[in-house]
Amino acid sequence: GNSVTQMEGPVTLSEEAFLTINCTYTATGYPSLFWYVQYPGEGLQLLLKATKADDKGSNKGFEATYRKETTSFHLEKGSVQVSDSAVYFCALRLSSGGSNYKLTFGKGTLLTVNP
Amino acid sequence: GAGVSQSPRYKVAKRGQDVALRCDPISGHVSLFWYQQALGQGPEFLTYFQNEAQLDKSGLPSDRFFAERPEGSVSTLKIQRTQQEDSAVYLCASSLALGGMGYEQYFGPGTRLTVT
């Protein structure tokens with residue numbers, strides 16, 4: 001079956017530190033990959049996505065590269081801000097097949113950035 | 001424009017009670033999804049609607065769970081005879097496209113259900 005494994009949190013960083021949140025996946029097909037962010041009290045928001053191998057998704061200073069050879073989609077940001085404090089979810093969706101609408105999520109990683 | 005809205009935001013139910021959770025998708029969105037998020041876990045797929053048709057209910061955990069979208073807009077997730085293991089955040093998402101393929105799923109804020 002399909003699954004997503006992301007690094008366990010919580011992650012606590014100081015402002016302007018470098019961020020990496022690891023994500024690996026297992027999929028029966030060829031998936032699209034996503035990072036979602038959940039700010040306190042709000043719904044999940046799409047942060048970035050990549051639909052094929054070697055694609056790089058980027059948004060708000062965050063980046064992730066679709067690595068088919070290592071089945072990974074690690075999230076990075078060069079300099080985090082206090083406002084980046086949130087829960088981050090890695091997710092996949094199959095690109096074809098009968099269930100290509102389902103998102104499969106990892107467990108989430110809580111990031112806290114201190115001033 | 002308005003995003004996906006859900007009500008109530010919080011619901012406390014005594015074990016054995018029935019509950020109904022409402023989702024108002026973004027206007028014009030064809031696809032609607034329900035997910036269940038247990039504490040400390042990622043969301044898990046429950047069911048999918050395309051307009052008023054429920055095309056996939058494979059994620060519903062038991063026959064106590066029932067979802068409907070009679071007019072292809074608002075959806076209700078009903079849980080009968082609630083159990084403690086039903087305690088979770090229930091997320092609704094909608095998407096412009098049929099099946100959601102290639103289009104973003106927009107999530108509501110969720111309903112936090114606590115069964116005591």
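The values are calculated or read from the model by the stated rules, or taken from the named source; none is laboratory data. Since the structure is predicted, the reported quantities are computational estimates derived from the model, not experimental observations. Cβ atoms come from the backbone with ideal geometry, glycine included; neighbour counts cover every protein chain shown.
Regarding B:Leu21, is this residue of a type outside the set (Phe, Trp, Tyr), in contact with a strand residue (DSSP E or B) (Cβ under 7 Å, 6 or more places away or on another chain) and closer than 22 Å to A:Asn100 by Cβ? Against the criterion (of a type outside the set (Phe, Trp, Tyr), in contact with a strand residue (DSSP E or B) (Cβ under 7 Å, 6 or more places away or on another chain) and closer than 22 Å to A:Asn100 by Cβ), B:Leu21 does not qualify. Is it the case that B:Val74 is within 13 Å of chain A (Cβ to nearest Cβ), of a type in the set (A, V, I, L, M) and surrounded by fewer than 18 Cβ atoms within 10 Å (Cβ to Cβ)? Spelling it out, it is not the case that B:Val74 is within 13 Å of chain A (Cβ to nearest Cβ), of a type in the set (A, V, I, L, M) and surrounded by fewer than 18 Cβ atoms within 10 Å (Cβ to Cβ).
Applying the condition of being surrounded by fewer than 16 Cβ atoms within 10 Å (Cβ to Cβ) and hydroxyl-bearing (Ser, Thr, Tyr) to segment B:6-57 and asking which residue is nearest to the chain's Cα centre (by Cα) yields B:Ser7.
The set of residues in segment A:24-38 that are loosely packed, with under 15 Cβ neighbours inside 10 Å and more than 15 Å from the chain's Cα centre (by Cα) comprises A:Thr28, A:Gly29, A:Tyr30.
Among the residues making up segment A:94-115, those that are more than 8 Å from chain B (Cβ to nearest Cβ) and not polar (S, T, N, Q) are A:Leu94, A:Gly97, A:Gly98, A:Leu110, A:Leu111, A:Val113, A:Pro115.
Could we say that A:Gly29 is part of a loop (DSSP other than H, G, I, E, B) and in contact with a Gly (Cβ under 7 Å, 6 or more places away or on another chain) here?
It is true that A:Gly29 is part of a loop (DSSP other than H, G, I, E, B) and in contact with a Gly (Cβ under 7 Å, 6 or more places away or on another chain).
Can you confirm whether segment A:75-84 contains a residue that is crowded, with 21+ Cβ neighbours inside 10 Å, within 14 Å of chain B (Cβ to nearest Cβ) and in contact (Cβ under 8 Å) with a residue 12 or more places away in the chain? Checking segment A:75-84: not a single residue is crowded, with 21+ Cβ neighbours inside 10 Å, within 14 Å of chain B (Cβ to nearest Cβ) and in contact (Cβ under 8 Å) with a residue 12 or more places away in the chain.
The set of residues in segment B:84-116 that are surrounded by fewer than 15 Cβ atoms within 10 Å (Cβ to Cβ) and modelled with pLDDT of 95 or more comprises B:Gln84, B:Glu85, B:Thr114, B:Thr116. Restricting attention to segment A:39-72 and to residues that are within 14 Å of chain B (Cβ to nearest Cβ) and among the hydrophobic types (A, V, I, L, M, F, W, C), the residue that is surrounded by the fewest Cβ atoms within 10 Å (Cβ to Cβ) turns out to be A:Leu46. The single condition among (1) part of a strand (DSSP E or B); (2) small (Gly, Ala, Ser); (3) more than 13 Å from B:Lys78 (Cα to Cα) that B:Ser27 does not satisfy is (1). The residue of segment B:39-71 that is nearest to B:Pro109 (Cα to Cα), among those that are in a loop (DSSP other than H, G, I, E, B) and facing chain A (nearest Cβ under 10 Å), is B:Pro43.
Does any residue of segment A:11-20 turn out to be closer than 23 Å to B:Phe107 by Cα and in contact (Cβ under 8 Å) with a residue 24 or more places away in the chain? Scanning segment A:11-20 turns up no residue that is closer than 23 Å to B:Phe107 by Cα and in contact (Cβ under 8 Å) with a residue 24 or more places away in the chain. Residue count for segment A:87-96, restricted to those that are more than 12 Å from the chain's Cα centre (by Cα) and surrounded by fewer than 23 Cβ atoms within 10 Å (Cβ to Cβ): 3.
Per the listing A:Gly108, A:Gly57, the residue uniquely in contact (Cβ under 8 Å) with a residue 12 or more places away in the chain and out of contact with any Gly (no Cβ under 9 Å at 6 or more places or on another chain) is A:Gly57.
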